[in-house]
Amino acid sequence: MTSKAADLLLSDALVVTMNALGEIIPQGAVVIQGRDIVAVGPSEAIRGEWQAAEVVDCRGMVILPGLVNAHSHAPMSLLRGLADDLRLDVWLFGYMLPVEREFVSPAFCRWGTWLSCAEMIRSGITCFADMYYFEHEVAQAAAQVGMRAVCAETIMKWPTPDAENFDEGLAHCREFIEAWQGHPLVIPAVGPHAPETSTLELLRGAAQLAAEYDAPLLIHLAETAGGVEETRALFGVSPVEALERAGVLNGRVTAAHCVHLTEEDRAILARYGVGVAHNPTSNLKLASGVADVVALLRAGIPVGLGTDGQASNNDQDLFEEMRLAALLPKGLHQDPTALPARQALTMATIGGARALGMDHLIGSLEPGKRADLALVALDEVHHVPRFDLSPDNLYSQLVYTAKSHDVRHVMIDGRWVMRDSQLLTVDEDQVRAEAQRIATQVGAFLSRREQSLLDKLVALGTLQWTETYEVQVKVGIQDEEALVNRLLSCPEVMVLKQSERKQYDTYFLFANAEADIIRYREDYLLDRGLEVRPNYSLTLRGPTVEREYADSVLLSRSRFTAAADRSLRFYREYFQPQEERRVDKIRRRWRIKYQGVDFAVNLDRLIQPPAPGGESYLEIKARTWSKQDAMQKAEMISELLSVLAVDKARLVRDEYVSF
Ligand SMILES: [Zn+2]
């Protein structure tokens with residue numbers, strides 16, 4: 001019998017094939033020719049059949065199919081550990097998006113991807129699915145390192161670091177796909193970020209683009225309960241139904257997270273053959289919840305494992321994800337049999353390949369598939385002792401005991417990328433230095449920002465801030481009705497608008513911020529005593545400048561005001577005030593013209609804190625823009641106080657918040 005020629009023969013290893021039969025070959029061999037696996041079997045038989053240019057003795061090693069990271073944001077390695085233990089909205093809108101707006105560039109994406117690739121290879125990952133910006137750079141870096149990757153250019157309804165709007169995002173994505181289709185390692189994909197960060201037009205556009213090029217489509221789906229609510233508010237249906245209606249599910253879709261699904265949602269995903277990337281660490285760390293993987297698998301949905309970005313993980317270690325994936329369902333269902341170790345390893349290999357629609361190429365050690373493999377050493381002390389009662393002993397060892405640093409050699413597409421724990425295709429020293437250089441800049445930017453409340457406000461991005469100055473006087477009043485009568489009967493006062501409101505103010509006070517105060521106001525119009533039409537606003541007040549004018553004290557200060565589109569809890573966690581105070585009051589408000597000039601007249605009854613002596617307060621305010629103008633208005637306010645017969649001895653200098 002003449003033997004067949006091959007490039008490489010890996011012999012005498014414990015070969016964990018992850019094939020359909022779940023075969024484990026104790027004294028096994030894998031034969032590689034070019035970029036493909038051409039044979040897998042018992043070493044003795046293989047050696048009799050194949051003549052390889054190189055034979056590597058793999059005694060004491062497990063050969064695994066290369067692990068598949070089904071969801072990541074490779075460049076985010078550069079933001080690892082930047083802001084942790086924060087709620088998702090504070091983390092995302094307070095830190096990630098502002099930093100990304102400022103720093104994400106082609107170079108950022110290139111260096112971040114190299115860093116990620118180094119880390120992923122070290123933990124046995126040979127293929128990753130990525131969603132980020134400047135995806136061309138991610139693809140280029142992956143290809144240079146020799147990693148397999150599904151790269152999706154991310155598209156959002158908001159401006160992103162590489163697109164002003166989603167039309168531009170879709171256009172970039174089209175160019176990206178055209179540039180990379182047919183590449184041996186990189187599969188270009190379409191990446192609408194998530195249903196709640198999309199519009200119907202965006203989702204339709206993304207679906208059409210994916211269909212036109214038969215490209216995969218990656219998306220975040222039902223990651224948080226809040227996101228599901230937002231999607232319902234936008235589309236009137238669940239996130240899964242929204243994707244179905246937009247035609248997205250007709251394509252080759254891999255959905256990340258799927259934490260908050262209904263039974264019906266799972267049935268829809270199964271019907272369309274959508275793959276799911278389960279990201280246990282990220283979901284736990286951002287407190288998004290725990291995906292019910294058992295229910296997903298029961299519904300027949302292919303499930304892979306993802307690390308998500310390092311900013312929410314904080315590493316790219318799929319061994320950790322396997323372990324968590326096996327442990328979480330046990331706790332969730334109070335059933336130790338809910339998800340066995342073997343199933344977790346399946347998700348990290350062939351399951352991930354299926355979820356990405358790549359199981360014809362990778363995910364198991366079988367002839368005809370690409371030579372993507374990880375060799376794991378079982379020689380360290382944590383691998384002692386070993387049992388061999390059933391294949392499950394080995395699966396347990398790989399999932400519950402093995403560490404990513406047990407991975408010694410990694411091959412992708414028939415090419416070694418790591419031998420004896422040495423990376424062969426990444427200059428690790430250079431990548432480390434460059435990553436730290438970029439991180440130092442990010443750190444300096446954030447620490448500058450943390451010192452200025454205004455910069456922190458501006459960093460929230462979408463808000464429109466305008467600075468205004470005002471003069472005002474506040475005075476204690478005993479007889480409210482008499483004052484109102486005088487105001488309304490004054491011939492020189494014209495009332496433009498009047499309302500009664502209930503205002504709940506929360507003030508954030510800070511230790512080192514030069515008397516800056518932030519006020520979060522819930523302002524309800526009172527209609528026959530009922531609170532209607534709430535309005536939420538956020539105001540940053542600069543230091544108050546006091547000036548004495550004639551017989552009244554007037555204050556002027558700068559204010560930035562904007563609609564507060566996030567919760568009080570968000571602002572509290574984002575600004576981290578040293579102290580918080582509440583002021584609740586009923587306010588009767590008149591917008592008036594006095595001698596042709598605009599003033600606001602407020603008559604306030606404090607609920608909390610109670611006013612000393614139970615009196616009410618009159619406030620007269622006007623916007624101003626110059627010292628000259630402020631003087632004129634101060635004189636007019638003084639006049640108005642006389643007209644209203646207010647006792648100027650009862651002037652109050654303190655703000656309610658200081659009562
Ligand atoms: Zn993600």
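The values are calculated or read from the model by the stated rules, or taken from the named source; none is laboratory data. For clarity, every value in this text was computed on a predicted model and none was experimentally measured. Counting neighbours? That spans all protein chains shown, and the Cβs are built from the backbone with ideal geometry, glycine included.
I'm trying to understand the selection: among the residues of the range 570-596, which are without any contact (Cβ under 8 Å) to a residue 40 or more places away in the chain and either closer than 30 Å to Gln451 by Cβ or surrounded by 14 or more Cβ atoms within 10 Å (Cβ to Cβ) (or both)?
Matches in the range 570-596: Gln576 only.
Filter the range 405-453 down to residues that are of a type in the set (Gly, Ala, Ser) and in contact with a strand residue (DSSP E or B) (Cβ under 8 Å, 6 or more places away or on another chain) and give me whichever is nearest to Val30 (Cα to Cα).
Gly414
Consider Glu580 carefully, then state whether it is at pLDDT 90 or above, touching a helix residue (DSSP H, G or I) at 6+ places or on another chain (Cβ under 8 Å), outside any strand (DSSP E or B) and among the acidic types (Asp, Glu).
Answer is no for this residue.
When you check Ala163 against the structure, is it in the same structural domain as Gly304 (by TED's automatic domain parsing) and at pLDDT below 95, yes or no?
yes
Output the residues belonging to the range 615-647 that are under 24 Å from Val583 (Cβ atoms) and among the basic types (Lys, Arg).
Within the range 615-647, Lys621, Arg623 qualify.
Is it fair to say Ser105 is within 14 Å of the ligand (Cβ to nearest atom) and under 20 Å from Arg437 (Cα atoms)?
In short, no.
Hey, any hits in the range 326-341 for a residue that's within 16 Å of the ligand (Cβ to nearest atom) and on the phi < 0 side of the Ramachandran plot?
no
Could you check Met358 against (1) in contact with a strand residue (DSSP E or B) (Cβ under 9 Å, 6 or more places away or on another chain); (2) hydrophobic (A, V, I, L, M, F, W, C); (3) closer than 13 Å to Met322 by Cβ and say which number it fails?
(3)
Are any of the residues in the range 70-83 under 22 Å from the mean Cα position of the chain (by Cα) and of a type in the set (Ser, Thr, Tyr)?
Among the residues of the range 70-83, at least one is under 22 Å from the mean Cα position of the chain (by Cα) and of a type in the set (Ser, Thr, Tyr), which makes the answer yes.
One residue is enough: does the range 383-398 have a residue meeting the conditions outside any helix (DSSP H, G or I), under 20 Å from Leu318 (Cβ atoms), of a type in the set (A, V, I, L, M, F, W, C) and modelled with pLDDT of 95 or more?
no
Looking at the range 283-306, which of the residues that are closer than 15 Å to Gly351 by Cβ and within 15 Å of the ligand (Cβ to nearest atom) is surrounded by the most Cβ atoms within 10 Å (Cβ to Cβ)?
Of everything passing the filter in the range 283-306, Gly304 is surrounded by the most Cβ atoms within 10 Å (Cβ to Cβ).
Please identify the pairs in which a residue from the range 635-647 that is more than 12 Å from Phe599 (Cβ to Cβ) has its Cβ atom under 7 Å from the Cβ atom of a residue that is in a helix (DSSP H, G or I) and not acidic (Asp, Glu), counting only partners at least 6 apart or on another chain.
Ala645/Arg486
For the range 263-282, name all the residues that are over 15 Å from Ala129 (Cβ atoms), surrounded by 23 or more Cβ atoms within 10 Å (Cβ to Cβ) and within 16 Å of the ligand (Cβ to nearest atom).
Pro280
Run down Leu64, Leu97, Leu92 and say which single residue is of a type outside the set (Lys, Arg), within 16 Å of the ligand (Cβ to nearest atom) and touching a Gly at 6+ places or on another chain (Cβ under 9 Å).
Answer to the selection: Leu97.
Report yes if Ser116 is under 13 Å from the mean Cα position of the chain (by Cα), within 16 Å of the ligand (Cβ to nearest atom) and hydroxyl-bearing (Ser, Thr, Tyr), otherwise no.
For Ser116, the condition - under 13 Å from the mean Cα position of the chain (by Cα), within 16 Å of the ligand (Cβ to nearest atom) and hydroxyl-bearing (Ser, Thr, Tyr) - is not met.
Output the strands (runs of 3 or more DSSP E) that fall wholly within the range 1-113 and possess 2 or more residues being more than 30 Å from Leu284 (Cβ to Cβ), or say none.
Filter on the range 1-113 gives 4-16, 24-33, 36-42, 50-57, 61-65.
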